[in-house]
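Enquirer: If you scroll down you'll find the structure; I have some questions about it.
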Amino acid sequence: MKKWFNVGKIVNTHGIKGEIRVISSTDFPNERYAIGNPLYIFFKDQTEPIELIVETHRVHKNFNLLTFEGYPNVNDVERFKGSILKVPEDQQGDLDEGEFYYHEIIGCSVKTNDGQIIGEVIEIISTGANDVWVVKREGEKDVLIPYIKEVVEEIDIDLKEITIHLMEGLLS
């Protein structure tokens, strides 16, 4: 069975020339939304996706705006609203050492280097400078962990475990 990974959600149309607004959930928007790149749209009530080829890509405010080959008009893309854009696993490129896909980090348990369990990564926020991991804690407020070398000591994707150095004030 083919494995699929979310790259964004289509939230609206933009203008009249077939442009759609995407809230991106990919680590690599410039590669995923590159002109000529195939993306696959999944509708709520369908099991098979539709392949779309990116025709244009630009960023406007906090959205990625895309058009697709063969869909030149707002009426052609109106039905795309609320659907999810995905790529198959084989479209994921190799990463350099120390780089990870979001889906590899989300769901990892986070513990301190002295064994204290903090919680589980539930979301990743891209700040521009560095990513910030939202960690859900049992019975407490979520905590934000910056993905910087001073804090993150080890990531074991196979064990789904992340070991951090607990800097003063990080949990408060």
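Enquirer: Send over the Kirkwood Rh of segment 100-168, from the inverse of the averaged 1/r over different Cα pairs, rounded to one decimal Å. Walk me through the intermediate numbers first.
Expert: Working: mean 1/r = 0.0838 Å⁻¹.
The answer is 11.9 Å.
Enquirer: May I ask which of LYS44/LYS141; LYS17/LYS61; LYS3/LYS141; LYS3/LYS149 have a Cα-Cα span longer than 25 Å here?
Expert: Details: LYS44/LYS141 32 Å; LYS17/LYS61 18 Å; LYS3/LYS141 33 Å; LYS3/LYS149 31 Å.
Too far apart for the 25 Å limit: LYS44/LYS141; LYS3/LYS141; LYS3/LYS149.
Enquirer: Return the Cα extents of segment 1-85 along principal axes one, two and three, sorted largest first, each rounded to a whole Å.
Expert: Result, largest extent first: 37, 26, 21 Å.
Enquirer: Toward the positive end of the charge dipole of the chain, about the Cα centre and with charges on Cβ (Lys, Arg +1; Asp, Glu -1), which of LEU39, HIS103, THR26 goes farthest?
Expert: In the chain, that residue is LEU39.
Enquirer: So what is the relative contact order of segment 102-164, in percent, for Cα pairs below 8 Å that sit 6 or more residues apart?
Expert: Numbers: 120 pairs, mean separation 19.7, N = 63.
Worked out over segment 102-164, it gives 31 percent.
Enquirer: Please list log₁₀ I(q)/I(0) at q = 0.10, 0.18 Å⁻¹ for the chain, using the Debye equation with identical point scatterers on the alpha-carbon positions.
Expert: Relative scattering, expressed as log10 I(q)/I(0), comes to -0.47, -1.10.
Just so you know, all these numbers are worked out from the coordinates, no wet-lab data involved. On a predicted model such as this, the values are computed, not experimentally measured, just so you know. So basically every Cβ, Gly included, is an ideal-geometry build from the backbone, and we count neighbours across all protein chains shown.
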